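This report concerns only the one structure given below.
The values are calculated or read from the model by the stated rules, or taken from the named source; none is laboratory data. Quantities reported herein were computed from a predicted structural model and do not represent experimental measurements. Reconstructed Cβ throughout: ideal geometry from the backbone, glycine too, with neighbour counts over all protein chains shown. Areas reflect the complete protein model, heavy atoms only, side chains present, ligands, DNA and RNA absent. Shrake-Rupley method; radii C 1.70, N 1.55, O 1.52, S 1.80 Å.
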Amino acid sequence: QGEGCRTVPLSGHVGFDSLPDQLVNKSVNHGFSFNILCVGETGLGKSTLMDTLFNTKFEGDPASHSQPGVQLKSSTYDLQESNVNLKLTIVSTVGFGDQINKEDSYKPIIEFIDAQFEAYLQEELKIKRVLHNYHDTRIHACLYFIAPTGHSLKSLDLVTMKKLDSKVNIIPIIAKSDAISKSELTKFKIKITSELVSNGVQIYQFPTDDESVAEINGTMNAHLPFAVIGSTEELKIGNKMMKARQYPWGTVQVENEAHCDFVKLREMLIRVNMEDLREQTHTRHYELYRRCKLEEMGFKDTDPDSKPFSLQETYEAKRNEFLGELQKKEEAMRQMFVQRVKEKEAELKEAEKELHEKFDRLKRLHQDEKKKLEDKKKSLDDEVNAFKQRKTAAELLQSQAQQAGGSQTLKRDKERK
């Protein structure tokens, strides 16, 4: 292109035109992964639609309406069509919309999506990365099932889609659309679109920048939200076996575009825009999460002087900041420990003082009791001594009386003789 460049003409076939074929072969050998999040109230036919979309009977039991909270159930399946392997992950919201208080119903969904982003980010930040073998569980498409009320969106639907639109590609669909008439369905679609626009909900728009799919994607964008019907039962209609639902008043054919938009959904979701959904998830939603997460950690592309930001300097700065906070916390804990020790020592001193006072009081009481006992003992001893003296005197008088009686008896005996 410049003055110093020269053009080298090709003298023959070189072969780099086979590079797309090499990429295709490599991708086919490695396989693909696609993850779908089905959000909607219990009983709207989420599992049935997944079975119909992939023409497979996935395992799973029907969810009950008695769940205390919203739980996300993830199931992964290995599918093969021709020579292409697909690792399909279907995530369903069990118990969504069944609670009386639905204020926080969207939080488990947000946490699940962020957890998948965080797992991929942690894998990217590893020293030894194995992203080529890593099972990517990031949600590529969110099918939001809208109840066929025919009136307007519920507050739960608007709040949930508003919280999810920056984290996942939302494709709104009207479930069980055979429950309302054609005229009501058309008005319902217009009402849903106007409510989404007025509330600022960003749904996924099929890309129109690629000339090969611009026309069909532009047409299909006007059909959003898709009104779908799911069925795994095959009925004989004419000379063909077709998926349909049998009613007393007639038959609804799932793959008949005059009956529902199931074929449009399958074309747009799987056959035309599956790779774009995967790319949008990585380049838009994951990059937004990654940027916000790294900025929270203090990483930036440039410093205030518009110079390249050093990862080592950022690490050292965050490390020093963390150590400073750790030292502050340690000092605060030390001060708290010293304060508690002082309070405990004061309590112990007060208790010791009370014990000493109690001991002195008991000691005085003991001395008083001892003195009383000594005085009583002394009085008892005096009484015992007085009693002994009286006893001795009585014994002396008794002996004198006996001696006097004995002398008189001798005298009488002498006189009688």
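Scaling the Cα radius of gyration of the stretch 353-400 by the globular reference 2.2 N^0.38 Å produces a ratio of 2.15. Residues of the stretch 102-146 falling in the label zone of F299, defined by backbone nitrogen less than 16 Å from a point 7 Å along Cα to beta-carbon, are 117-131. Taking amide H atoms as placed 1.01 Å from N in the peptide plane, the amide H of G40 lies under 5 Å from those of T93, F145, each 5 or more residues away in sequence or on another chain.
Connecting C-alpha atoms closer than 10 Å in a GNM of the chain, tell me which of E347, E234, E124 has the biggest fluctuation. Ranking E347, E234, E124 by mean-square fluctuation puts E347 first.
Can you give the FRET efficiency to the nearest 0.05 for K162 and N83, using r as the Cβ-Cβ distance and R₀ = 45 Å? Don't skip to the answer; put the middle values down first.
On the way: r = 42 Å, r/R0 = 0.92.
It comes to 0.60.
Of all DSSP beta bridges confined to the stretch 172-325, the antiparallel ones make up roughly 80%.
Under a 10 Å cutoff between Cα atoms, tell me which one of Q335, Q80, Q205 has the largest fluctuation in the Gaussian network model of the chain. Looking only at Q335, Q80, Q205, the biggest GNM fluctuation is shown by Q335. Full extension of the segment from T283 to N101, taken as 0.36 nm per residue of separation minus the current Cα-Cα distance, would add 62.0 nm. Of the residues Q408, I203, I190, the one whose Cα sits farthest towards the positive end of the charge dipole of the chain is Q408 (charges of +1 on Lys and Arg Cβ, -1 on Asp and Glu Cβ, taken about the Cα centre). Of all the options Y120, Y247, Y106, the one that moves most in a Gaussian network model of the chain with Cα springs shorter than 10 angstrom is Y247.
Per residue, the convex hull around the alpha carbon atoms of the stretch 138-203 comes to 76 Å³. On the protein heavy atoms, probe 1.4 angstrom, tell me the percent of accessible surface of the chain carried by carbon and sulfur. Carbon and sulfur atoms account for 52 percent of the accessible area of the chain.
Round to the nearest 0.05 the FRET efficiency obtained for K73 and M333 when R0 = 41 Å and r is the Cβ-Cβ distance. Please report the intermediate quantities before stating the final value.
Details: r = 43 Å, r/R0 = 1.05.
After rounding, the FRET efficiency stands at 0.40.
Each 10 Å bin, from zero up to the one with the longest distance, holds this percent of the alpha carbon pairs of the stretch 314-391: 15, 16, 14, 12, 11, 10, 8, 6, 5, 3, 1, 0.
What FRET efficiency comes out for the pair K187/E267, r = Cβ-Cβ distance, R0 = 30 Å, nearest 0.05? After rounding to 0.05, the efficiency reads 0.75. The modelled label-to-label distance for the pair K358/K377, using points 7 Å beyond Cα in the direction of Cβ, is 2.9 nm.
In the chain, what is the volume of the convex hull around the alpha carbon atoms, normalised per residue and reported in Å³?
Working: hull volume 201.2 nm³, N = 417.
With only Cα atoms used, the chain gives 482 Å³ per residue.
Taking 16 Å as the straight-line reach from the Cα of K236, the aspartates and glutamates in range (excluding those fewer than 8 positions away in the same chain) are E255. Based on every Cα atom in the stretch 1-147, Rg and the maximum pairwise Cα distance Dmax equal 22.3, 76 Å.
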